[in-house]
């Protein structure tokens, strides 16, 4: 998933108002932020296999460090622990830890059976990606719901708070369309370098958060 993960990040602001939107986006995309570095280091592996699913040409051969359920539970606990040590916000720490783990849950729903529970163990997946219409419908519905929850939880503190948010939404839709309609990556290494651009979304979310305020309950 792509939009679906970010939808969880938007919704998390309601559950953890003291946490920055940027930190929530870091949590929900943590596995995908870690993955390119592991690919470039040769610790995980992906192949370009057009047609392997209707939505993506990627064959995730091995990614136990970034995408196994056990690893994501440990990464979630680590991120939640670091956040609690810095902010002393137990609720926010728990929500952020859950956000990290949510990545595995959503990938399990969308991927073909390639999601490991334990490194080196059996792999699972419900295969939403075998259908483009179903994938688009689910992701856009999740995106709309997550954004609606975020808008009910926050309001713009200034003009930048609106411009930054809606420009991100437009950018995400453009990237999503390009991923669905564009050609497959030329090779795994190029894919890995390009995937590092996901850090831009985290930085963008921190920028948004600095210009928005929590709505009164």
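A compact table of results
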| read-out | value |
| --- | --- |
| Mean Cα-pair separation over length for the chain, i.e. relative contact order, pairs under 8 Å, 6 or more apart, % | 31 percent |
| Stretchable slack from residue 43 to residue 162, in nm (0.36 nm times residue separation minus alpha-carbon distance) | 38.8 nm |
| Difference of contour (0.36 nm per residue) and Cα-Cα distance, residue 131 to residue 88 | 11.2 nm |
| Point-to-point label distance, residue 141-residue 215, nm (Cα→Cβ direction, 7 Å offset) | 2.3 nm |
| Burial ordering of 117, 65, fewest other beta-carbon atoms within 10 Å first | 117, 65 |
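Readers should treat all values here as calculations from the given coordinates under stated rules, not as data from a laboratory. Keep in mind the model is a prediction, meaning the values are calculated, not measured. A quick note on method: Cβ atoms are made from the backbone with ideal geometry, for glycine too, and the neighbour counts reach across all protein chains shown.
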